[in-house]
Amino acid sequence: MPGIARISAAADRFPGEPIWLELASSDPERSIAFYGGLFGWAADGSDSLDGAATLRLKGEHVARLVPMPDDGWIVYLKVLDAGAAAAAVEVNGGRVEVGPSVAGDLGVLVIATDPAGARVGFWQPGTHPGFGVENVPGAPAWFELHTLDFATAVPFYRNVAGWQTVSMGDSDEFRMVVHGEPGVARVGIYDASHDDLDDESAWMPYFAVADADAAAARIRELGGALLDQPVDTPFGRVVHATDPLGTLFTVIQPADV
């Protein structure tokens with residue numbers, strides 16, 4: 001779960017770790033207003049033909065907004081070979097939607113769906129360093145796949161992204177694995193098949209906040225919805241929510257804040 005704040009170069013991230021986020025939005029202006037009001041993000045003007053814009057927190061890039069008809073977060077996992085990752089997606093029951101596509105000298109991307117239908121990205125970094133900031137208020141802090149098919153999702157990410165999974169629990173009440181050692185890991189898979197929170201498999205980013213209760217109130221003020229009330233966990237105080245377009249995300253007030 002979330003650790004100390006750090007700014008990392010792409011080379012510092014292990015294969016399979018989250019390196020970048022995209023927000024697919026059917027109403028970019030509404031999305032920018034919501035996340036800007038909640039986290040203080042600003043959108044760079046963009047000359048790209050697809051209208052995409054970089055979202056920044058105090059000048060540091062935290063995500064990219066892409067106008068699309070289907071709303072949702074796309075978490076990009078670092079891979080060393082995007083072509084090999086795309087081939088592995090198909091062999092392991094997933095489906096490639098985009099790529100491998102070369103983004104100039106920035107890197108090579110693949111967008112796919114895993115066997116349970118969750119959309120996920122794979123990024124072979126070039127000059128794009130990934131997140132400019134993490135684990136500070138307003139920035140990404142943790143990444144979690146909520147899957148309705150845990151038995152197929154775990155081997156998929158092992159085989160495609162090279163995950164070394166460690167179990168955090170294996171009962172119907174709580175079943176989860178993380179990639180790497182607990183306390184250091186930055187990403188995990190949660191069995192959501194017994195959870196009323198999810199009606200489809202999807203990636204859920206967690207964003208750090210200084211005050212989870214204040215963030216919950218602000219989410220409602222800005223037109224989002226709370227899926228539960230703030231609750232204390234061993235890792236911090238969390239609340240699950242959706243933005244005004246129905247996209248899932250979580251805010252966490254780390255335990256050491």
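Things to note:
- Residue among Val79, Val160, Val89, Val133 that is in contact (Cβ under 8 Å) with a residue 60 or more places away in the chain, touching a helix residue (DSSP H, G or I) at 6+ places or on another chain (Cβ under 9 Å) and outside the structural domain of Phe39 (by TED's automatic domain parsing): Val160
- All told, Leu145 meets the bar of being assigned to a strand (DSSP E or B) and either of a type in the set (A, V, I, L, M, F, W, C) or at positive phi (or both).
- Some residue of the stretch 111-118 being under 26 Å from Val184 (Cβ atoms), assigned to a loop (DSSP other than H, G, I, E, B), of a type in the set (D, E, K, R) and in contact with an Asp or Glu (Cβ under 9 Å, 6 or more places away or on another chain): yes
- Looking only at residues in the stretch 177-201 that are acidic (Asp, Glu), outside any strand (DSSP E or B) and at pLDDT 80 or above, the one that is nearest to Thr247 (Cα to Cα) is Glu200.
- Residue within the stretch 85-96 that is in a strand (DSSP E or B), surrounded by fewer than 22 Cβ atoms within 10 Å (Cβ to Cβ) and at pLDDT 95 or above present: yes
- If the condition is being among the charged types (D, E, K, R) and either over 12 Å from the mean Cα position of the chain (by Cα) or surrounded by fewer than 21 Cβ atoms within 10 Å (Cβ to Cβ) (or both), then the stretch 18-35 contributes Asp27, Glu29, Arg30.
- Any chance Ile219 is part of a helix (DSSP H, G or I), among the β-branched types (Val, Ile, Thr) and touching a residue at least 24 places away in the same chain (Cβ under 8 Å): yes
- Here the condition is being without any contact (Cβ under 8 Å) to a residue 12 or more places away in the chain and not aliphatic (A, V, I, L, M); of Asp191, Asp211, Asp170, it holds for Asp170 alone.
- Of all residues in the stretch 218-257, those satisfying the criterion of being surrounded by 13 or more Cβ atoms within 10 Å (Cβ to Cβ) and small (Gly, Ala, Ser) are Gly223, Gly224, Gly236, Ala241, Ala255.
- From Ala192, Ala212, residue being touching a Pro at 6+ places or on another chain (Cβ under 7 Å) and surrounded by 22 or more Cβ atoms within 10 Å (Cβ to Cβ): Ala212
- Residue among Arg95, Arg64, Arg30 that alone is touching a Leu at 6+ places or on another chain (Cβ under 8 Å), closer than 29 Å to Tyr157 by Cα and charged (D, E, K, R): Arg64
- Every condition in (1) out of contact with any strand residue (DSSP E or B) (no Cβ under 6 Å at 6 or more places or on another chain); (2) modelled with pLDDT of 95 or more; (3) more than 24 Å from Ala241 (Cβ to Cβ); (4) of a type in the set (Gly, Ala, Ser) holds for Ala11 except the one numbered (2).
- From Ala84, Ala53, residue being small (Gly, Ala, Ser) and more than 24 Å from Gly188 (Cα to Cα): Ala53
The values are calculated or read from the model by the stated rules, or taken from the named source; none is laboratory data. Owing to the predicted nature of the structure, the values given are computational and were not obtained by experimental measurement. All Cβ positions, even for glycine, are placed from backbone atoms using ideal geometry, and neighbour counts span all protein chains on display.
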